[in-house]
Structure formats: structure tokens, C-alpha cells
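Here's the structure we're looking at; comments come further down.
The values are calculated or read from the model by the stated rules, or taken from the named source; none is laboratory data. Bear in mind that the values here come from a model prediction, so they are computed numbers and not experimental data. For neighbour counting, all protein chains shown are included, and Cβ atoms are generated from backbone atoms with ideal geometry for every residue, glycine included.
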Amino acid sequence: MPIILDDKVRSLFADQASRKVLSTVGEDGTPHTVFKGSMTVDQDGNIRFNEIIESSLSYKNLTYSLWFNRPVSINIIGEDKTSFEIIGKPIRTLICGDEFEEAYVKVLESLGNEGDLAAIWIIAPEKIRENTFKKRLHEHNENYPLIGHLDKYLKESN
């Protein structure tokens, strides 16, 4: 079931300095991870990005995920190290039409003759987890107060 991404997450996607990573899994179970700087959140709350190379492994894996209803993972990290992992499912790919043509022109303007646009992928977010280090450490300490290295506890007691 799709979820709504809050303003904090949307602003990370809108920030060009944020790093956006897509992880997919192939038909044989092999993981594949790539940076996708063109990722954005659309008005419907779905994540979109341009796939430039039609023969890329991410394109193949996304097609597999779309056909067989398999999830993908997106990780985004901002300059301030705020980080989120989003699990979602590809719901559509655009390979023609007005929206595709508009994006294609922008890709050509950006990359010149070396650019091309194979598809626009649309992923519906289903789960989200904040992975910011301080938040995860706080959750760990709250949930598992007795798990740690003994030398740490000895120093704290002295």
C-alpha cells in the first residue's frame, strides 16, 4: 500500500546536493546499486527518475520488478547526513508521449548529443525508514540498552 512522503523527505529529493541511490535485484537474485541523480517526487507522491541507457542493468531489473511485482530500495542522503531508505514498487514506465518528449528534450539539453532517454520510471513508495546515524543510534540504545562492548560499560562505571 503506498505511503505519503513528508515534506522533509520531499525537500531532500528536491535538493540537487542530495545523493539518491537505487538498488534493484535481478531475476537471478543478484543485487545492483546505482546513483540516480534525476530522482524527484511527483505531485502524486511517487518517485520518478530518468533512465538514460536502455540496456542498463537497472533498466532490466526494474522491468523484472514491474512484471513480477518485486520491490526496489531507494536511499537518499542530504548534505547534513539526514538519510532515508524507501522501499517501493515500480508501477509504470513511460517510453513515449508528451511527458516523455518533454523530459527527452531536457536530457538532450543537459547531456548534448551523448544524451538519450530510454524511459521515465515511476515508483510508488510503500515503506520508509529514517537511517540518519543519530536517530538509528538513539533507537538502538532505547531498544537494546544492554547490548554493547564491555569496555564501554566499564569506562562508564569508573
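Would you pick out the residues in segment 28-44 that are within 15 Å of Phe84 (Cα to Cα) and either surrounded by fewer than 16 Cβ atoms within 10 Å (Cβ to Cβ) or polar (S, T, N, Q) (or both)?
Result: Phe35, Thr40.
For the condition surrounded by 13 or more Cβ atoms within 10 Å (Cβ to Cβ), at pLDDT 95 or above and in contact with a Phe, Trp or Tyr (Cβ under 6 Å, 6 or more places away or on another chain), what is the one hit in Val21, Val25?
Details: Val25 fails: in contact with a Phe, Trp or Tyr (Cβ under 6 Å, 6 or more places away or on another chain).
After applying the criteria, what remains is Val21.
Scan the strands (runs of 3 or more DSSP E) fully inside segment 14-79 and keep the ones with 2 or more residues being polar (S, T, N, Q) and more than 10 Å from the chain's Cα centre (by Cα). Working first, answer last.
On the way: elements: 19-25, 31-35, 47-51, 72-77.
No strands (runs of 3 or more DSSP E) qualify here.
In segment 14-26, is there at least one residue being in contact with a helix residue (DSSP H, G or I) (Cβ under 7 Å, 6 or more places away or on another chain) and either among the aromatic types (Phe, Trp, Tyr) or touching a residue at least 60 places away in the same chain (Cβ under 8 Å) (or both)?
Checking segment 14-26: at least one residue is in contact with a helix residue (DSSP H, G or I) (Cβ under 7 Å, 6 or more places away or on another chain) and either among the aromatic types (Phe, Trp, Tyr) or touching a residue at least 60 places away in the same chain (Cβ under 8 Å) (or both).
Please go through segment 92-106 and give me each residue that is surrounded by fewer than 14 Cβ atoms within 10 Å (Cβ to Cβ) and either in a strand (DSSP E or B) or of a type in the set (A, V, I, L, M, F, W, C) (or both), ordered by number.
Arg92, Ile95, Cys96, Val105
Please find, within segment 114-145, the residue that is nearest to Ile91 (Cα to Cα) out of those that are in contact with a helix residue (DSSP H, G or I) (Cβ under 9 Å, 6 or more places away or on another chain) and part of a loop (DSSP other than H, G, I, E, B).
Result: Ala118.
Out of Val41, Val9, report the one residue that is at pLDDT 95 or above, in contact with a Phe, Trp or Tyr (Cβ under 8 Å, 6 or more places away or on another chain) and farther than 26 Å from Ile95 by Cα. It would help to see each step written out before you state the result.
Values: Val41 fails: farther than 26 Å from Ile95 by Cα.
Unique residue meeting the criteria: Val9.
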